1. Do you know which residues across the stretch 36-49 are touching a residue at least 12 places away in the same chain (Cβ under 8 Å), surrounded by fewer than 18 Cβ atoms within 10 Å (Cβ to Cβ) and either assigned to a helix (DSSP H, G or I) or touching a strand residue (DSSP E or B) at 6+ places or on another chain (Cβ under 7 Å) (or both)?
2. For the structure I just gave you, tell me whether residue 4 is modelled with pLDDT under 90, closer than 24 Å to residue 180 by Cα and touching a strand residue (DSSP E or B) at 6+ places or on another chain (Cβ under 8 Å).
3. Being buried (at least 19 other Cβ atoms within 10 Å of the Cβ) and modelled with pLDDT under 95 is the filter here; which residues of the stretch 176-197 pass it?
4. Kindly indicate which of 171, 141 is in contact with a strand residue (DSSP E or B) (Cβ under 6 Å, 6 or more places away or on another chain) and not in a helix (DSSP H, G or I).
5. Just checking, which of 102, 110 is out of contact with any helix residue (DSSP H, G or I) (no Cβ under 7 Å at 6 or more places or on another chain), at pLDDT 90 or above and in a helix (DSSP H, G or I)?
6. Within the stretch 190-199, is even one residue assigned by TED's automatic domain parsing to the domain that holds residue 221 and within 20 Å of residue 133 (Cα to Cα)?
7. Among the residues of the stretch 192-224, which ones are part of a helix (DSSP H, G or I), in contact with a helix residue (DSSP H, G or I) (Cβ under 8 Å, 6 or more places away or on another chain) and more than 27 Å from residue 237 (Cα to Cα)?
8. Determine which single condition residue 216 fails, assuming it passes every other condition in (1) within 18 Å of residue 175 (Cα to Cα); (2) surrounded by fewer than 18 Cβ atoms within 10 Å (Cβ to Cβ).
């Protein structure tokens, strides 16, 4: 594993930070290319994009921040600026997606922007998440719970000793980051095949979010995150209402018949009974 990508004296480029930055840049590049291709790139959508980025940053920290209040307290006691502690503390991908989505909706309403641009994110998200998870994997972050499966992986004892919490670090663990990378690579292919078959603008992104949410909810059981309430982890508690809302949306869409493709009109010969 490669927790440090490059170092020259006091200057250190950590693998996780570099891959996270690359993931954001690549994701937004794909998003903007999609907007430009559709002719939707203007000042208002740039403002909405900035709100999405800010919402993602805040959401990533809110989901895990309340779990680490003691860490922030110790950082402040040590003279570490709160902004630095927030930027370098634990972050949640689930929180980033939910926070970014909510910020985008609110920004559009504030600007009176009515066009649905969600599908412009539909490839940006899985590509960015896959890149970011490669950084997590290479950085030797806690992998998951113990497993006897042949692909179980261990981490370096020195890295394990630095983890605040990793109960199974002495055993082979589920490489949950690899599971997420594979899921998102498969999702990219599935989205490419389905993009011309979903007639409602925005529903392709919602479909990805639904399946990604269900997948992440299940993976949480083997990630080893601390249980917060009713036997669920923090990300799971956020995912439950989000998945329910998405399911309700698609049930309503099916009931409205929005995905029904009309039958082709009969040919003139068939209509007149000609052979």
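The values are calculated or read from the model by the stated rules, or taken from the named source; none is laboratory data. This is a predicted model, so every value here is computed, not measured. Note that we place each Cβ from the backbone using ideal geometry, even for glycine, and neighbour counts take in every protein chain shown.
1. 38, 44, 47
2. Against the criterion (modelled with pLDDT under 90, closer than 24 Å to residue 180 by Cα and touching a strand residue (DSSP E or B) at 6+ places or on another chain (Cβ under 8 Å)), residue 4 qualifies.
3. 176, 177
4. Details: 141 fails: in contact with a strand residue (DSSP E or B) (Cβ under 6 Å, 6 or more places away or on another chain).
Just a single option satisfies the conditions, and that option is 171.
5. From the options 102, 110, the qualifying one is 110.
6. yes
7. 194
8. Among (1) within 18 Å of residue 175 (Cα to Cα); (2) surrounded by fewer than 18 Cβ atoms within 10 Å (Cβ to Cβ), residue 216 violates only (2).
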